[in-house]
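J.: Let me begin by handing over the structure; questions about it come next.
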Amino acid sequence: MGRAQVLVVAGTHGNERNAPALLERWRSEPQALNRAGLPVQLVLGNPVALGANRRYIDRDLNRCFAPDLLANPALQQLEMQRARELLAEFAPTGPNPCAVAIDLHSTTSGMGNSLVVYGRRPADLALAAGIQGRLGLPIYLHEADAAQTGFLVERWPCGLVIEVGPVAQGLLSASILRQTQLALEAALAVLAEAASGVLRLPAGLQVYRHCGSVDLPRDGTGEAIACVHPALERQDWKPLRLGQPLFWNPALKGCPADWRFDPDALGFPAEAHWPVFINEAAYGEKGIAFSLCRRERWSSDAAWLQALQALTAA
C-alpha cells in the first residue's frame, strides 16, 4: 500500500522569504530534506507576491480558502484565483491528491519555533501532539474567531502551520531557515510513523487556546495613538501580570489605566493572559496588536491517532 502525499507550501505570504529559499534548495537538492520516505509536493503559495516581495497583491491568500469565498464567481482577485488553482491541483480529488498540508510561515513577533492549529480536527491534533512530543514546540490553537477565517490548511483533511520568528519581512535568517527545516522534518517523521502504524502519541499536549485579539489604542479617526509597550515586545508565550503596561506613548509620562492588562476590562476570561503574535507587522491592517490565549493541558485521545493513521495510509 502506498503512502498519502504531503503538500508543503512556502511563500503563502510573498514577503516571508525563508521558507521559499528552503523550498528552492529542496527542489534542486532533494537529499537536503529528510522526507522520511513520504511523497512530498513542494509548492510556492503565492509566486507573484513573492516576486514583488509583498505579503499579497490583492488580498491575503491565507484568508482566501473559506468555502463561501471560493464559491463566489465574482471574486476574481489574484489570490482568489491562486487558492482555486491550489485546490484544483492538490485537493484530495485533484490530479495530485494530498491528504496533509503543511504551510510554512515566518513572523516578525517573538514566537520562536511554533505550530498553529485551526480548530480541533482529530488528525491535526495528532500531528501537532507528535511534533510537540519530539521538539516541545508550543501550539497555538486558533478557533472561534469570526474575524479571521479562510486559512489554507483548513481545506485539506489534515494540516497545520509552522510559524517561526522573529525575523523582519523580506529578510533571510540562518536561524529561521534551520528552525523551519527542523520542524518540517519532525512533522514528516510523525506522518511517516502514522502511515506505518508505529506512531505513539505523548500522554498529552499543551495548547494555547485563542480567546481573541487586542488592538492598539486609537483616536476617533481610527489612527493609532500608541505602540506596543517595550516591556511587552518579544514576550510571546509568557503570561501577562494584572496591571502590566500594554501600550506606550512617548508623550505621556505614565501609562493610562485602560492601557494596562486587565482581562475582565478587555472582555476576556480571567485565564486568558498568554499573549502571542505580539506586534506582528502584518497584523496592523487587521487591527491586531497581539492575541490572548488561555493555556490548557489536554490528554491525548486514541481517536486522534486513528484519524491520522487513516489519512496517511493511502
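The values are calculated or read from the model by the stated rules, or taken from the named source; none is laboratory data. Remember, it's a predicted structure, so these values are computed and weren't measured experimentally. Every residue, glycine as well, gets a Cβ built from its backbone with ideal geometry; the counts of neighbours run over all protein chains shown. SASA here: full protein model, heavy atoms, side chains in, ligands and nucleic acids out. Shrake-Rupley method; radii C 1.70, N 1.55, O 1.52, S 1.80 Å.
J.: Can you pull out the residues in the stretch 24-61 that are buried (at least 22 other Cβ atoms within 10 Å of the Cβ), without any contact (Cβ under 8 Å) to a residue 40 or more places away in the chain and not in a loop (DSSP other than H, G, I, E, B)?
T.: Correct list: 49 only.
J.: Give me a count of the residues in the stretch 2-23 that are assigned to a loop (DSSP other than H, G, I, E, B) and at negative phi.
T.: So the answer is 8.
J.: Suppose we filter the stretch 126-173 for residues that are part of a loop (DSSP other than H, G, I, E, B) and either among the basic types (Lys, Arg) or touching a residue at least 12 places away in the same chain (Cβ under 8 Å) (or both); how many remain? Working first, answer last.
T.: Filtering the stretch 126-173 for residues part of a loop (DSSP other than H, G, I, E, B) gives 136-138, 143-151, 156-157, 166-173.
With the extra rule that they be either among the basic types (Lys, Arg) or touching a residue at least 12 places away in the same chain (Cβ under 8 Å) (or both), the set shrinks to 137-138, 143-145, 147-151, 156-157, 166-173.
Count: 20.
J.: Another one. Looking only at residues that are under 28 Å from the mean Cα position of the chain (by Cα) and open to solvent by 80 Å² or more (accessible area, probe 1.4 Å) in the stretch 244-264, which one is nearest to residue 110 (Cα to Cα)?
T.: First, pick out the residues of the stretch 244-264 that are under 28 Å from the mean Cα position of the chain (by Cα): 244-248, 259-264.
Now narrow it down to the ones that are open to solvent by 80 Å² or more (accessible area, probe 1.4 Å): 248, 260, 264.
Values: 248: 19, 260: 21, 264: 25 Å.
Among them, the one singled out is 248.
J.: Do we find a residue being aliphatic (A, V, I, L, M) and either over 28 Å from the mean Cα position of the chain (by Cα) or assigned to a loop (DSSP other than H, G, I, E, B) (or both) anywhere in the stretch 234-241?
T.: Looking through the stretch 234-241, at least one residue is aliphatic (A, V, I, L, M) and either over 28 Å from the mean Cα position of the chain (by Cα) or assigned to a loop (DSSP other than H, G, I, E, B) (or both).
J.: Let me ask something else. So which residues in the stretch 268-290 are small (Gly, Ala, Ser), open to solvent by 20 Å² or more (accessible area, probe 1.4 Å), under 20 Å from residue 211 (Cβ atoms) and at pLDDT 95 or above, if there are any at all? Before you say what the answer is, go through the steps one by one.
T.: As a first pass, look at the stretch 268-290 and keep what is small (Gly, Ala, Ser): 270, 272, 281-282, 284, 287, 289.
Narrowing the set further to residues that are open to solvent by 20 Å² or more (accessible area, probe 1.4 Å) leaves 270, 281, 284, 287.
Those left that are additionally under 20 Å from residue 211 (Cβ atoms): 270, 287.
If the condition is that a residue be small (Gly, Ala, Ser), open to solvent by 20 Å² or more (accessible area, probe 1.4 Å), under 20 Å from residue 211 (Cβ atoms) and at pLDDT 95 or above, then 287 is the only one that fits.
J.: Across the stretch 62-104, which residue is least open to solvent (accessible area, probe 1.4 Å) among those that are under 21 Å from residue 144 (Cβ atoms) and out of contact with any helix residue (DSSP H, G or I) (no Cβ under 7 Å at 6 or more places or on another chain)?
T.: Once the filter is applied, the top-ranked residue is 66.
J.: Shifting gears a bit: Cβ-Cβ under 6 Å, sequence separation 6+ or interchain: first residue in the stretch 107-122 and on the phi > 0 side of the Ramachandran plot, partner β-branched (Val, Ile, Thr) and outside any loop (DSSP other than H, G, I, E, B). Which pairs?
T.: As it stands, the answer is none, since no pair meets every condition given.
J.: Give me a count of the residues in the stretch 189-204 that are farther than 14 Å from residue 123 by Cα and either without any contact (Cβ under 8 Å) to a residue 60 or more places away in the chain or buried (at least 18 other Cβ atoms within 10 Å of the Cβ) (or both).
T.: Summing the residues that are farther than 14 Å from residue 123 by Cα and either without any contact (Cβ under 8 Å) to a residue 60 or more places away in the chain or buried (at least 18 other Cβ atoms within 10 Å of the Cβ) (or both) in the stretch 189-204 gives 3.
J.: Taking the stated definitions as given, is residue 166 modelled with pLDDT of 95 or more, in contact with a helix residue (DSSP H, G or I) (Cβ under 7 Å, 6 or more places away or on another chain) and open to solvent by 30 Å² or more (accessible area, probe 1.4 Å)?
T.: On the way: modelled with pLDDT of 95 or more: yes; in contact with a helix residue (DSSP H, G or I) (Cβ under 7 Å, 6 or more places away or on another chain): no; open to solvent by 30 Å² or more (accessible area, probe 1.4 Å): yes.
Taking the combined requirement at face value, the residue does not satisfy it.
J.: Something else now. Could you tell me which of the residues 96, 72 is closer than 19 Å to residue 38 by Cα and in a loop (DSSP other than H, G, I, E, B)?
T.: 96
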